[in-house]
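Structure first, commentary second.
The values are calculated or read from the model by the stated rules, or taken from the named source; none is laboratory data. None of the values given here were measured: they were computed from a predicted structure. Positions of Cβ are backbone-derived with ideal geometry, glycine not excepted, and every protein chain shown enters the neighbour counts.
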Amino acid sequence: MELKKTADGSHTLFVPELNETYHSIHGAIQESQHVFIKNGLHYFNNKETISILEIGFGTGLNALLTLLATESSSQMVNYVSLEKFPLPNELVQQLNYPTQLKIKATQTALFNHLHSCKWNTNTPISENFNLLKIEDDLADFQTTTTFDLIYFDAFAPEKQAELWTAEIFLKIYDFLKPKGILVTYCAKGEVKRTIKSVGFQLETLPGPPGKREMIRAIKN
């Protein structure tokens, strides 16, 4: 795995075996902020408690941005994240998100805590942010918990086709509360058709830098 800088200066990771990066080369922070925070988290600004399921903890960027976005609010965040292959600590320590975001030392410590806290154990990261990292993949994951919001941040369909099937999206549909939403950076025609086929109401929104569109899907 190789550390790479994206167009906004923030890091992503390149996986040679897949010829794929963890984040957009057009800007890792910009992409996550646009797709998952602006068009996902902020959809629920008026909700006192929000439950989030993230598909792909990866670099921890989405979790960090969610933590920062809710840090000064009264909103309680219960954040569950799936990751089959956690990153080694030596790679995590090289990620430049705290520098690029110009966050305080206390916030950088929270970012490190997101990564260093135990897997498969519910952990209070801050007063209003609870994290449960689960070392599992989506195909095997089972839960009785339902969620307001799903960050679908899997590798692209051509790299990880098994996670973009009707069977998977039906499973995700069942994980959501009524009127819950899924957001993802991918807006390919085949993905749109698959998501609609399992019952979602589909919204096609302007995409982040380098992408024309993104998807927000609402559980009817």
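Remarks
- Sole residue being within 24 Å of Lys219 (Cβ to Cβ) and surrounded by 12 or more Cβ atoms within 10 Å (Cβ to Cβ), chosen from Gln142, Gln160, Gln107: Gln160
- Close pairs (7 angstrom Cβ cut-off, 6 or more residues apart or separate chains): small (Gly, Ala, Ser) and modelled with pLDDT under 95 in the range 173-188, assigned to a strand (DSSP E or B) and surrounded by 14 or more Cβ atoms within 10 Å (Cβ to Cβ) anywhere: none
- Remark: pairs (first residue in the range 134-158, of a type in the set (D, E, K, R); second residue loosely packed, with under 12 Cβ neighbours inside 10 Å and in a loop (DSSP other than H, G, I, E, B); Cβ separation under 6 Å; 6+ apart in sequence or on different chains) are absent.
- Cβ-Cβ under 6 Å pairs, at least 6 apart or on other chains, the range 191-202 side closer than 11 Å to Arg216 by Cβ, far side modelled with pLDDT under 95: Gln201/Asn220
- Filter pass, Ser81 being buried (at least 20 other Cβ atoms within 10 Å of the Cβ) and either on the phi < 0 side of the Ramachandran plot or not hydrophobic (A, V, I, L, M, F, W, C) (or both): yes
- Whether a residue is surrounded by 13 or more Cβ atoms within 10 Å (Cβ to Cβ), aliphatic (A, V, I, L, M) and in contact with a Lys or Arg (Cβ under 6 Å, 6 or more places away or on another chain) was assessed, and Val191 does not pass this test.
- Only one of the numbered conditions (1) farther than 18 Å from Gly9 by Cα; (2) touching a residue at least 24 places away in the same chain (Cβ under 8 Å); (3) out of contact with any Ser or Thr (no Cβ under 7 Å at 6 or more places or on another chain); (4) of a type in the set (A, V, I, L, M) is not met by Leu131, and that is (3).
- Scanning the range 195-209 for residues that are under 13 Å from Lys171 (Cα atoms) and within 18 Å of the chain's Cα centre (by Cα) returns a single hit, Ile195.
- Comparison of Gln94, Gln100 shows that the only residue that is touching a residue at least 12 places away in the same chain (Cβ under 8 Å), within 25 Å of Gly9 (Cα to Cα) and not in a helix (DSSP H, G or I) is Gln94.
- Filter pass, Asp148 being farther than 20 Å from Ser197 by Cα and either among the polar types (S, T, N, Q) or at pLDDT 95 or above (or both): yes
- Verdict on Leu64 being at pLDDT 95 or above, surrounded by fewer than 22 Cβ atoms within 10 Å (Cβ to Cβ), more than 19 Å from Arg212 (Cα to Cα) and within 16 Å of the chain's Cα centre (by Cα): no
- Residues that are assigned to a helix (DSSP H, G or I) and free of Cβ contacts under 8 Å to residues at least 12 places away in the same chain, drawn from the range 67-91: Glu90
- Within the set Ile25, Ile29, Ile37, the sole residue that is of a type in the set (Val, Ile, Thr), touching a residue at least 40 places away in the same chain (Cβ under 8 Å) and surrounded by fewer than 22 Cβ atoms within 10 Å (Cβ to Cβ) turns out to be Ile25.
- When Lys211, Lys188, Lys219 are checked against the criterion of being touching a Pro at 6+ places or on another chain (Cβ under 8 Å) and closer than 21 Å to Glu20 by Cβ, a single residue qualifies: Lys188.
- Restricting Ala156, Ala166 to residues that are over 17 Å from the mean Cα position of the chain (by Cα) and either modelled with pLDDT of 95 or more or not hydroxyl-bearing (Ser, Thr, Tyr) (or both) narrows the list to Ala166.
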